[in-house]
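The values are calculated or read from the model by the stated rules, or taken from the named source; none is laboratory data. Bear in mind that the values here come from a model prediction, so they are computed numbers and not experimental data. Positions of Cβ are generated from backbone atoms using ideal geometry, with glycine treated the same way; all protein chains shown enter the neighbour counts.
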Amino acid sequence: MHFVIFLRVHGGYCVILLWLNPAPNGRLNSYMRKFTLPFIVVVALISLANGSCQLKNARTRKTSDGLLHVAINQKSNIAFDSNLLNTFYQSYPGLARYEKEVVAVYREHHFKHIWFDEKGVVEFGQTLFNKVNELKDEGVSSRFPYREKIEGVFNNDIENTLTDTETDLMLTNLYLFYAKKVYQGVDEDSTLATGWLLPRKQLSYNGLLDSVMLNPQLLNRDDKVLFGQYYKLRDVLQRYREIEKNGGWNQIILDPKLKAYKPGDTAKAIQQIRDRLFITGDIKQNNGSNKYDPELVEAVEKYQLRNGYNPDKLISPKHIKEMNVPIGERIRKIIVNMERCRWISPEFAKAREYIVVNIPSFKLNLVRNGKSELVSPVVVGKNVTKTVIFSGMLSYIVFSPYWNLPQSIINKEVKPGMAKNKNYLESHNMEWNNGLVRQKPGKNNSLGLIKFIFPNSNDIYMHDTPAKSLFSQERRAFSHGCIRVAKPRELAVEILRDDPNWTPGKIDAAMHGGKESSYSLKAKIPVYIGYFTAWVNQEGEINFYEDIYSMDERLAGLLIGDQ
């Protein structure tokens, strides 16, 4: 006689299938009857103990890369009661702001667990947890409201008090917390209140979650989600935090009698300036000299350009004052501008052609096929008549334009001028037109010889100006809100370059024709008027600009309030 025993363990339960092949006479002999039952019991106990140990080890084991997994098989195929979402947010009210998006995510996934596989919590869960713990690298200082709950999932030393469904829901909320802080930034209503009217990008958090789960490296960089300038600023932020960690830079002693240091001068402050510029990489080697030598001249000019000054080889008190700005303030400025980058769709830089004006840098840039075709100095609005931060579509160009004066200027300037001088209008080449005042075309017209129209409710446009001397100024906030362009002819030539109707000669003739005419562009060009006080160029060099409209502090306050 013989027999076969099969053992299987399912979820800790031992199933023993026993087949006894009877002896030829159809009866078990006494020896077999005595042996069979004890053998079965022993094997069953060993199997159950082994299964239990395997389950315990699986629930607490770590993989080679340190990821903690919970042994719940095929959780991605197990649904949960959608009513548990209400219970969850009652228990964790600090996450209520994410409820709408979280419900949408689970509805898309048919209310099934999405953070588990056959091994337990998916590897991306640990990756996300690590990224949230490193939010400082993204210029964010917020803390997840229930961080200690999440730590119990990934840290063996902390008890995990969450159920499997709570773990899944908590991780989805952690993802929304990260995505909103890093990819979205402060809410749109807050940015509108600061005067930022550029359109905010739109995100699908569900689609974004799917993509980063398939490719977790996207958490480090995703050019489809974040404007490329963001990552450049992030790299500089790391460099500046390293400078801060190493003690920052010392204050340069400013001689109250100093007018300017010029090449060849010697002074203790010059040595301090050399030390300062070596720290930020403007000068590659520090020879410790207190003489303003050619190597330092080159470094100073580089620093001046990076900080919005005209390079003139002179070190003035204003330059030293700028160098003495503490490292902490520079870091804060970088973080503020990283936040602004979160609001911009990466798609805008992918347009075949666009024009961007950065108000604090007083510059216009025409970009075509990813290459800068024209850079021009500009004049922007005064503090009391700020240039609006918004976007439009350049639709037509006006040659030899009239200037239709706004009623505010008529009231504040023209009427008082007429009261003092009866020939005021004639002397300014102006005339009445349907109850309003306009200035006739000509080289002395306040709009110059050409203007560029991108229709908008703010009545902002770009134009030429007869006041060319203003472009030599370093701080060029002089206008009533419109943008004066230093190179208007060059801009027109570039815009119309591929249009056979407009040669440079025809453009010149229209600009000096003395008669207003307009031309609608065959292809409209996006125009973006932005506000960035820190910007990294293609060489990886950080440029800082004066916060002329005092917008940085207000935004920094919003970031602190959003913690």
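Given the criterion surrounded by 19 or more Cβ atoms within 10 Å (Cβ to Cβ) and under 25 Å from the mean Cα position of the chain (by Cα), identify the matching residue among Leu192, Leu214, Leu174, Leu197. Criteria check complete, one pass: Leu174. Could you grab me the full set of residues in the stretch 178-189 that are outside any loop (DSSP other than H, G, I, E, B) and either within 16 Å of the chain's Cα centre (by Cα) or aliphatic (A, V, I, L, M) (or both)? Hits for the stretch 178-189 are Tyr178, Ala179, Lys180, Lys181, Val182, Tyr183, Gln184, Glu188.
Modelled with pLDDT of 95 or more, in the same structural domain as Thr172 (by TED's automatic domain parsing) and either crowded, with 20+ Cβ neighbours inside 10 Å or under 17 Å from Tyr205 (Cα atoms) (or both): is that true of Tyr98 in this structure? The answer is yes for Tyr98. Scanning the stretch 154-171 for residues that are within 34 Å of the chain's Cα centre (by Cα) and among the β-branched types (Val, Ile, Thr) yields a total of 2. When the stretch 363-375 is filtered for residues that are in contact with a helix residue (DSSP H, G or I) (Cβ under 9 Å, 6 or more places away or on another chain) and either of a type in the set (Gly, Ala, Ser) or part of a loop (DSSP other than H, G, I, E, B) (or both), only Gly370 remains. Given the residues Leu254, Leu258, Leu226, which is the only one that is part of a loop (DSSP other than H, G, I, E, B), under 30 Å from Glu347 (Cα atoms), aliphatic (A, V, I, L, M) and in contact (Cβ under 8 Å) with a residue 40 or more places away in the chain? Going through Leu254, Leu258, Leu226 in turn, the sole match is Leu226. For the stretch 127-143, the set of residues classified as of a type in the set (D, E, K, R) and at pLDDT 95 or above consists of Lys131, Glu134, Lys136, Asp137, Glu138, listed by residue number.
Yes/no per residue for (1) modelled with pLDDT of 95 or more; (2) farther than 30 Å from Tyr183 by Cβ; (3) part of a strand (DSSP E or B):
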site	(1), (2), (3)
Lys321	yes, yes, no
Glu329	yes, no, no
Ile335	yes, no, no
Cys341	yes, no, no
Glu347	no, no, no
Val357	yes, no, yes
Val380	yes, no, yes
Tyr396	yes, yes, yes
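For Arg554, the conditions (1) within 18 Å of Tyr354 (Cα to Cα); (2) touching a Ser or Thr at 6+ places or on another chain (Cβ under 8 Å); (3) at pLDDT below 95; (4) not aliphatic (A, V, I, L, M) all hold with the exception of (1).
Can you find a residue that is buried (at least 20 other Cβ atoms within 10 Å of the Cβ), of a type in the set (A, V, I, L, M, F, W, C) and in the same structural domain as Ser372 (by TED's automatic domain parsing) anywhere in the stretch 508-524? Checked the stretch 508-524: at least one residue is buried (at least 20 other Cβ atoms within 10 Å of the Cβ), of a type in the set (A, V, I, L, M, F, W, C) and in the same structural domain as Ser372 (by TED's automatic domain parsing).
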